[in-house]
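Written out below as structure tokens is the structure these notes cover.
The values are calculated or read from the model by the stated rules, or taken from the named source; none is laboratory data. In this text the structure is predicted, and so the values were computed from the model without any measurement. Because the Cβ atoms are built from the backbone with ideal geometry, glycine has one as well, and the counts that use them run over all protein chains shown.
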Amino acid sequence: MPSTQKKPLPFGEFIALLALLMSLVALAIDAVLPAMLQVGHALQVTDTNQLQLMIGVVFLGLAIGQIFYGPLSDSVGRKPAIYLGLVVFFIGSAISVLAESYEMMLWGRFIQGIGASGPKVIAVALVRDQYEGRAMARVMSFVMAVFIVMPALAPSLGAGILLFFGWREIFGFFMLHSALALFWFARRQPETLVVEKRVPFSAKNIWAGTKTTLGNPISRAYIIAAGLVFGVFIAYLSTAQQLFLDIFQVDTLFPLYFAMLALAIGMASLINGRLVMKYGMQRMANFAMKVMMAFSVLFVGILLANQGQVPLWVFMLFTAIIFFCVGLLFGNMNALAMAPLGHIAGLASSVIGSATTFISMFFGIIIGQTYNQTLYPLFLAFAGLALGAFLITRPVQVRDEVS
């Protein structure tokens with residue numbers, strides 16, 4: 001006999017809950033940025049370049065964890081799998097709170113990445129269980145718009161906690177955040193995957209689903225393209241504080257400027273939620289890639305004409321426009337990659353998220369290492385990888401219809 005399901009959450013509450021779950025990733029990464037030097041000093045890290053590992057190991061945990069949670073949620077249901085992820089994130093945060101060595105800190109950060117990957121992946125599957133096509137892209141855009149507020153606020157939140165308490169309390173806040181998310185999710189969100197549609201958890205099923213996901217030319221193209229676009233964003237994250245300090249002598253106001261650029265992404269996601277229903281995912285993605293390329297090339301030209309020096313407001317203007325394009329691409333590329341794979345939504349979401357993160361890590365590390373106290377590497381990468389994403393997706397583009 002088919003399983004009965006509770007009434008779905010109201011749309012607004014569903015968006016807010018998903019944003020809270022997915023914000024664990026942004027919180028874990030961005031709230032720590034103002035405290036990295038203090039952590040290094042407290043844990044006796046002599047090479048400041050090693051502090052970048054506090055960000056890198058989170059992404060490593062995300063990439064590894066994502067491939068696990070999707071199949072688990074397809075097997076036992078969405079809710080138990082998210083419970084596990086939140087508990088793992090809580091444990092990783094506790095390890096960081098108690099860390100007495102940098103190695104212990106990195107293990108805690110790695111575990112946080114593994115834990116945060118669960119809600120990140122399964123939240124997308126929750127949406128896919130209930131929506132399709134442009135409606136799915138609309139929901140994801142609203143989720144991303146709320147979700148992006150956390151990157152905007154997280155550095156200021158971390159700086160505030162650091163000012164009144166200390167760096168360990170930042171990780172204590174992570175524990176509180178995950179506990180709140182667990183309580184709300186357990187109390188309010190109904191299960192979206194009925195028993196009849198669940199797939200046994202097995203290596204054979206995982207391998208078969210992975211082959212299906214990566215074997216689909218449309219999904220594969222958008223996975224690679226999203227990895228390229230997000231790779232430049234990771235490079236920015238890893239060098240942002242250094243870039244603002246070295247080039248523009250911005251120190252205490254760094255969280256403010258960081259927030260302004262993050263909000264450009266959030267605004268794009270919100271606007272995309274309205275426009276995608278009219279113009280479609282593909283047209284929006286194409287528009288964003290072309291504008292991203294054009295303004296990146298234009299900015300490099302301005303740098304060349306001014307011996308590599310530009311005022312801060314020029315940098316902020318061009319970067320905000322480029323990040324607006326990145327915001328348009330986040331939701332649409334993920335939705336385009338997921339579109340052919342509704343029958344294996346949980347596993348497909350895992351494979352897409354994991355593969356995208358591995359690709360973006362690869363390019364993000366390379367681009368970050370080219371930082372030479374100028375803006376050339378970052379903006380050349382913006383232009384080059386946007387072009388690469390456009391060329392890769394061009395052969396598989398089809399006109400998406402309203403669904």
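Just to check your reading of the model, which residue among Val57, Val88, Val32 is under 28 Å from Ile223 (Cβ atoms), among the β-branched types (Val, Ile, Thr), surrounded by 24 or more Cβ atoms within 10 Å (Cβ to Cβ) and within 20 Å of the chain's Cα centre (by Cα)? Even if it seems obvious, please write down each step before you answer.
Details: Val57 fails: surrounded by 24 or more Cβ atoms within 10 Å (Cβ to Cβ); Val88 fails: surrounded by 24 or more Cβ atoms within 10 Å (Cβ to Cβ).
Among Val57, Val88, Val32, only Val32 is under 28 Å from Ile223 (Cβ atoms), among the β-branched types (Val, Ile, Thr), surrounded by 24 or more Cβ atoms within 10 Å (Cβ to Cβ) and within 20 Å of the chain's Cα centre (by Cα).
Might you let me know whether segment 297-308 holds any residue that is surrounded by fewer than 18 Cβ atoms within 10 Å (Cβ to Cβ), outside any helix (DSSP H, G or I) and touching a Leu at 6+ places or on another chain (Cβ under 9 Å)?
The answer is yes, given that some residue of segment 297-308 is surrounded by fewer than 18 Cβ atoms within 10 Å (Cβ to Cβ), outside any helix (DSSP H, G or I) and touching a Leu at 6+ places or on another chain (Cβ under 9 Å).
Scan segment 368-399 for residues that are without any contact (Cβ under 8 Å) to a residue 24 or more places away in the chain and not in a helix (DSSP H, G or I) and jot them down.
Thr370, Asn372, listed by residue number.
Wholly within segment 1-77, which helices (runs of 4 or more DSSP H) include no fewer than the required count, namely at least 2 residues that are under 26 Å from Ile352 (Cα atoms) and touching a Phe, Trp or Tyr at 6+ places or on another chain (Cβ under 9 Å)?
Where helices (runs of 4 or more DSSP H) fall fully within segment 1-77 and carry at least 2 residues being under 26 Å from Ile352 (Cα atoms) and touching a Phe, Trp or Tyr at 6+ places or on another chain (Cβ under 9 Å), they are 11-30, 53-76.
From (1) among the hydroxyl-bearing types (Ser, Thr, Tyr); (2) closer than 15 Å to Ser360 by Cα; (3) in contact with a Phe, Trp or Tyr (Cβ under 8 Å, 6 or more places away or on another chain), pick out the condition that doesn't hold for Tyr222.
Tyr222 satisfies all of (1) among the hydroxyl-bearing types (Ser, Thr, Tyr); (2) closer than 15 Å to Ser360 by Cα; (3) in contact with a Phe, Trp or Tyr (Cβ under 8 Å, 6 or more places away or on another chain) except (3).
Of all residues in segment 309-348, count the ones that are at pLDDT 85 or above and within 30 Å of Val76 (Cα to Cα).
So the first thing to find is which residues in segment 309-348 are at pLDDT 85 or above, and the list is 309-329, 332-333, 336-337.
Restricting the remaining residues to those that are within 30 Å of Val76 (Cα to Cα) gives 332-333, 336-337.
Of the residues in segment 309-348, 4 are at pLDDT 85 or above and within 30 Å of Val76 (Cα to Cα).
Can you run down the residue pairs with Cβ atoms below 8 Å, 6 or more apart or on separate chains, where the first is in segment 170-197 and in a helix (DSSP H, G or I) and basic (Lys, Arg) and the partner is modelled with pLDDT under 95 and loosely packed, with under 15 Cβ neighbours inside 10 Å?
Close Cβ pairs satisfying both conditions: Arg188/Glu13.
Across segment 249-306, which residue is farthest from the chain's Cα centre (by Cα) among those that are more than 27 Å from Ser141 (Cα to Cα) and among the small types (Gly, Ala, Ser)?
Ala305
Can you tell me which residue within segment 364-392, out of those that are buried (at least 22 other Cβ atoms within 10 Å of the Cβ) and farther than 18 Å from Gly301 by Cα, is modelled with the highest pLDDT?
Filtering first and then ranking leaves Ala389.
Return the residues of segment 206-232 that are buried (at least 22 other Cβ atoms within 10 Å of the Cβ) and aromatic (Phe, Trp, Tyr); say none if nothing qualifies.
Tyr222, Phe230
Looking at Ile365, is it closer than 16 Å to Gly61 by Cβ and either part of a helix (DSSP H, G or I) or within 17 Å of the chain's Cα centre (by Cα) (or both)?
yes
With respect to Ser238, determine if the residue is surrounded by 21 or more Cβ atoms within 10 Å (Cβ to Cβ), of a type in the set (S, T, N, Q) and either modelled with pLDDT of 90 or more or farther than 28 Å from Phe390 by Cα (or both).
Details: surrounded by 21 or more Cβ atoms within 10 Å (Cβ to Cβ): yes; of a type in the set (S, T, N, Q): yes; either modelled with pLDDT of 90 or more or farther than 28 Å from Phe390 by Cα (or both): no.
No, not satisfied.
I'd like to check something: does segment 45-54 contain any residue that is among the charged types (D, E, K, R), free of Cβ contacts under 8 Å to residues at least 60 places away in the same chain and more than 20 Å from Thr210 (Cβ to Cβ)? Don't jump to the end; show me each part of the working.
Initial filter on segment 45-54 (among the charged types (D, E, K, R)): 47.
Add one more test, that the residue is free of Cβ contacts under 8 Å to residues at least 60 places away in the same chain, and what stays is 47.
With more than 20 Å from Thr210 (Cβ to Cβ) added as a condition, the list becomes 47.
Checked segment 45-54: at least one residue is among the charged types (D, E, K, R), free of Cβ contacts under 8 Å to residues at least 60 places away in the same chain and more than 20 Å from Thr210 (Cβ to Cβ).
Val57 - would you say it is touching a residue at least 60 places away in the same chain (Cβ under 8 Å) and among the β-branched types (Val, Ile, Thr)? Step through it out loud before you land on a result.
On the way: touching a residue at least 60 places away in the same chain (Cβ under 8 Å): no; among the β-branched types (Val, Ile, Thr): yes.
In short, no.
Could you tell me whether any residue of segment 169-184 is charged (D, E, K, R) and within 23 Å of Pro10 (Cβ to Cβ)? Please lay out each step first, then the result.
Pass one, segment 169-184, residues charged (D, E, K, R): 169.
From what is left, the residues that are within 23 Å of Pro10 (Cβ to Cβ) are none.
Scanning segment 169-184, I find no residue that is charged (D, E, K, R) and within 23 Å of Pro10 (Cβ to Cβ), so the answer is no.
Among Gly108, Gly85, which is within 30 Å of Arg128 (Cα to Cα) and small (Gly, Ala, Ser)? Explain how you work it out, then say what you get.
Details: Gly108 fails: within 30 Å of Arg128 (Cα to Cα).
Just one listed residue meets the conditions, Gly85.
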